[in-house]
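Okay, structure first, notes after.
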Ligand code: GLA
């Protein structure tokens, strides 16, 4: 192994690879916390990916190595995998192998080497990228022929039941099913979907991702509480999911909920589903700029009604809009992570500078800013 260079699969395991696969991180354009309410989401894939290089083994050992994590090879056995048996980053790929087997798929052992340029802890779905690339690798090497829906469902199940994070299916579907140059309009009720052309450069626009570099402790507990509050809201209204509350019946529905927090959670979900539909109407009509105010409105709803924002995310939105952005919002689960900012291409630099200056003035760590380009979903790569 050469010092200073990331080790390759061959360096780590001493054998040639049988396959190479990539799965991306994502940005959600709009439709936040709607997925576990069987509502609408609109993610697109980032060019940033997690890559898995894999070789088959004759036995049932599973060996996992990450070029990005300190520590050596994590080794386990496919026959003894159970929730809690693998922890840390390797729990995610181990969880996928466990989920595949618990659904009856026969797996052979494997040596897997991962590398990734998806920012970790930035709300850009590095975990889903790791899960989906593992599911695709196992599917391909074991001849399972799983489609995007199956890859995403298995990955979500791995995260819910093995890792213990009660996420919806947004991130995994984004990583498995997005298409280059498009945003994915997904109905999480039945996974029906449409690829919607989303070429911001051609419209003279840019979409900036601003990673606040903030990750709040206890975010997973707060996420689980929001989910429980949404379920309480649906139960109070006598519907299976908040997706089933019609927008034009919202006021009457809210009047029937006594708990103030639950009432506001319901208002966010029902108005957010409506915002997704309005964004789709604008994009279908070629009115890219018109989505800006809906992004900002969605942020206010996440900040005030759903209460999943944080001061740094609010500052990105306020500073960007004050500097002339068309709209901005937090993206992903919240409690830190990233915001997105829609800007005229020729204003992008000034808006980025304004956000950086606002962060410096507030004493926050400098954010990481990059332009988002809608990219391809999970795929096999040439060796
Ligand atoms: C996280 C979860 C997703 C989704 C978003 C919020 O990213 O993993 O399932 O609920 O938060 O939209």
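Every number in this text was worked out from the coordinates using simple rules, so none of it is lab data. Everything numeric in this text was worked out from a predicted model, so none of it was measured. Note that each Cβ is placed from the backbone with ideal geometry, even for glycine, and that neighbours are counted across all protein chains shown.
Observations on the structure shown:
- Helix 260-284 vs. the chain, principal-axis angle (Cα, 0 to 90°, nearest 10): 80 degrees
- Taking other C-beta atoms within 10 Å as the exposure proxy, 63, 194 rank 194, 63 from fewest upward.
- Taking the C-alpha atoms only, the angle from helix 311-322 to the longest principal axis of the chain is near 60 degrees.
- Per-residue Cβ neighbour counts within 10 Å put 383, 250 in the sequence 383, 250, beginning with the fewest.
- Sites residue 362 and residue 85, calculated FRET efficiency, Cβ-Cβ separation with R0 41 Å, nearest 0.05: 0.40
- Extending 7 Å from the Cα toward the beta-carbon at both residue 201 and residue 250 defines two label points whose distance is 3.6 nm.
- Working note: Cα gyration tensor of the range 193-255, eigenvalues times five, square-rooted, sorted largest first, giving semi-axes of 32, 23, 11 Å.
- Against the empirical curve 2.2 N^0.38 Å, the C-alpha radius of gyration of the chain lands at a ratio of 0.99.
- Segment residue 350-residue 18, extension gain: residue separation times 0.36 nm, minus the distance between their alpha carbons: 114.8 nm
- Zero-based 5 Å bins, Cα pair distances in the range 198-371, whole percents: 1, 9, 16, 18, 17, 15, 12, 8, 4, 1
- Relative frequency of Cα-Cα separations exceeding 17 Å in the range 271-312, percent: 34 percent
- Relative contact order (%) - criterion: Cα under 8 Å, at least six apart; region: the range 245-298: 29 percent
- Label point at residue 56 placed 7 Å out along Cα→Cβ; residues across the range 107-135 whose backbone nitrogen lies under 16 Å: 107-112
- The Rg/Rh ratio for the range 290-383, using Cα coordinates for both the radius of gyration and the Kirkwood hydrodynamic radius, is 1.03.
- According to the Cα-based calculation, Rg over Rh for the range 107-200 is 0.97, with Rh computed by the Kirkwood formula.
- Over 19 Å [Cα-Cα, the range 25-100], rounded percent: 54 percent
- Between 0 and 90°, nearest 10: helix 219-237 axis offset from the chain longest Cα axis: 60 degrees
- With the helix formula -39500 (n - 2.57) applied to DSSP H stretches of n ≥ 4, the chain reaches a computed 222 nm mean residue ellipticity of -11500 deg cm²/dmol.
- When you restrict to C-alpha pairs under 8 Å that are six or more residues apart and normalise by the size of the range 196-345, the relative contact order lands at 33 percent.
- Relative contact order, percent, the chain [alpha-carbon distance under 8 Å, six or more residues apart]: 23 percent
- Here the simple spin-label model places points 7 Å from the Cα toward Cβ, and for residue 101 and residue 285 these points are separated by 5.4 nm.
- Cα→Cβ-extended label distance, 7 Å offset, between residue 147 and residue 77, nm: 3.7 nm
- One decimal place: the segment residue 191-residue 379 gains 65.7 nm when fully extended, by the rule 0.36 nm per residue minus the C-alpha distance.
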